[in-house]
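For reference, the structure is listed below as structure tokens.
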There are 2 protein chains.
Amino acid sequence: MSSTHPGDALHRLLHAYKHAMRDASRDAGIDLPVSHMRMLKVVCHHPQCTAHDIATHWRRDKAQIARVVKELDHAGLIGIRPDADDGRRRILTPTAAGKRMFQRIADAEREAGARMVRGLSREAVDQFVELAEAMANNLRKS
Amino acid sequence: MSSTHPGDALHRLLHAYKHAMRDASRDAGIDLPVSHMRMLKVVCHHPQCTAHDIATHWRRDKAQIARVVKELDHAGLIGIRPDADDGRRRILTPTAAGKRMFQRIADAEREAGARMVRGLSREAVDQFVELAEAMANNLRKS
DNA sequence: ATCATGTCGTTGACACAGTCAACTACATAG
DNA sequence: CTATGTAGTTGACTGTGTCAACGACATGAT
């Protein structure tokens with residue numbers, strides 16, 4: 001009865017995944033919206049990055065980024081300092097608290113990810129990620 | 001550089017897909033939010049269904065459903081009539097206009113879907129959908 | 001019949017996420 | 001110095017999902 005269109009499967013999966021992530025985060029005592037977690041992840045993986053880097057690389061709206069950055073800063077999870085070379089840029093770095101929070105998020109994510117792929121082979125999961133990224137690229141460069 | 005966690009790939013893909021769907025819909029002159037399109041699809045595939053059917057089967061919030069149903073009704077795309085057997089239930093059926101709209105949506109979706117899977121084998125796509133649904137089920141029944 | 005309990009659906013209030021346009025501040029080519 | 005472009009911020013708005021409270025109806029027990 002489920003349609004053969006990949007779009008529906010996608011919606012269902014992301015919906016379930018967001019739920020699982022929220023539950024796992026709440027269980028871990030993490031009180032951050034998903035977008036903030038994702039942003040913090042990026043900043044931790046790429047310290048010294050700027051809002052513009054995130055906007056172009058992760059294709060997020062810069063307005064959205066500005067808001068999330070402000071709140072992460074206000075929560076003491078990242079630090080913002082001006083770029084000496086370019087007065088417009090603001091360099092984002094995780095604070096110690098931000099790094100700790102990142103670890104907890106990564107744990108929760110790992111746990112949710114493990115539940116998600118339960119019963120599936122390693123190769124299947126790899127192929128899934130590969131296919132997902134191929135599809136995302138297909139949609140973008142058109 | 002992309003993480004091995006499936007969650008990120010998922011976010012990126014859904015984001016790109018929603019964009020593609022919105023573009024395709026706008027090109028086709030369809031002026032409906034995604035949630036309304038999805039709801040209309042369900043009603044067209046399952047005429048005589050109730051809001052409760054949708055809530056349980058598609059795991060959507062009943063409040064959300066009530067709102068979308070109201071707007072689809074107001075747009076003349078579906079009809080609502082009381083169930084003779086149970087005065088609480090309201091049976092949803094697509095109108096002629098709703099069916100026509102559904103066809104146009106299906107076309108746009110097919111087009112976006114085709115772009116998304118460009119260059120991928122039929123088997124790969126099938127496996128993707130299969131994996132996505134297996135994962136969604138994993139996350140739910142836990 | 002009536003009453004307690006449960007279900008279907010609606011509504012209000014809210015949080016989160018994404019988008020667009022206008023704006024400031026700074027950079028740089030000419 | 002001026003024109004143009006870029007990084008970032010802010011406001012206003014739409015769409016989506018969630019929670020709680022509620023009205024209307026159904027049903028089983030007494």
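Values quoted throughout were computed directly from the atomic coordinates according to the rules given, and no laboratory measurement underlies them. All values reported here derive from a predicted model rather than from experimental measurement. FYI the Cβ positions are ideal-geometry reconstructions off the backbone, even for glycines, and counts take in every protein chain you see.
Ordering A:68, A:34, B:125 by the number of other Cβ atoms within 10 Å of each residue's own Cβ, fewest first, gives A:34, B:125, A:68.
Between residue B:74 and residue A:137, the simple label model (points 7 Å from Cα in the Cβ direction) yields a spacing of 4.4 nm.
Annotation for residue B:79, label-to-label distances across the other copies: 6.8 nm (shortest first, one decimal, point 7 Å from Cα along Cα→Cβ). Computed from phi, the 3J(HN,Hα) profile of the stretch A:96-109 under the Karplus parametrisation 6.51, -1.76, 1.60 (θ = phi - 60°) reads 4, 4, x, 5, 4, 4, 4, 4, 5, 5, 4, 4, 4, 5 Hz, with x in place of Gly and Pro.
A cut-off of 5 Å between modelled amide H atoms, ignoring neighbours fewer than 5 places along the same chain, links residue B:79 with B:93, B:95.
Just to confirm a number: summing +1 for Lys and Arg and -1 for Asp and Glu over residues other than residue A:82 whose beta-carbon lies under 11 angstrom from that of residue A:82, what do you get?
Numbers: positive: A:81, A:88, A:89, A:90; negative: A:83, A:85, A:86.
Here the count lands on +1.
Measuring nothing but how far apart in sequence close Cα pairs (under 8 Å, 6+ apart) lie, relative to its length, the stretch A:2-125 scores a relative contact order of 29 percent. Each copy carries residue B:23; placing its label point 7 Å along the C-beta direction from Cα gives inter-copy distances of 3.6 nm, listed from smallest up. What separates the Cα centres of the stretch A:77-142 and the stretch B:1-64 is a distance of 24 Å. Amide H contacts under 5 Å for residue A:49: A:92, restricted to partners 5 or more places along the chain or on a different chain, H placed in the peptide plane at 1.01 Å from N. Checking the cross-link filter: which lysines have an alpha carbon closer than 21 Å to that of residue B:141, excluding same-chain neighbours under 8 positions apart? Result set, ordered by chain and number: A:18, B:62. Nearest beta carbon of chain A to the A-to-B rotation axis, with distance in whole angstrom: A:14, 2. Rg/Rh for chain B (Cα atoms only, Rh after Kirkwood) is 1.01. Relative to the longest principal axis of the Cα atoms of chain B, helix B:62-74 runs at roughly 70 degrees. Relative to its residue count, the protein assembly as shown spans a Cα convex hull of 161 Å³ per residue. With the helix formula -39500 (n - 2.57) applied to DSSP H stretches of n ≥ 4, chain B reaches a computed 222 nm mean residue ellipticity of -22000 deg cm²/dmol. With the label put 7 angstrom out from Cα along the Cα-to-Cβ vector, residue B:57 ends up 4.4 nm from the copy partners, going from closest to farthest. Helix B:6-27 sits at what angle to the longest principal axis of chain B, using alpha carbons and giving 0 to 90 degrees rounded to 10? Taking the Cα atoms of chain B, the angle to B:6-27 is about 60 degrees.
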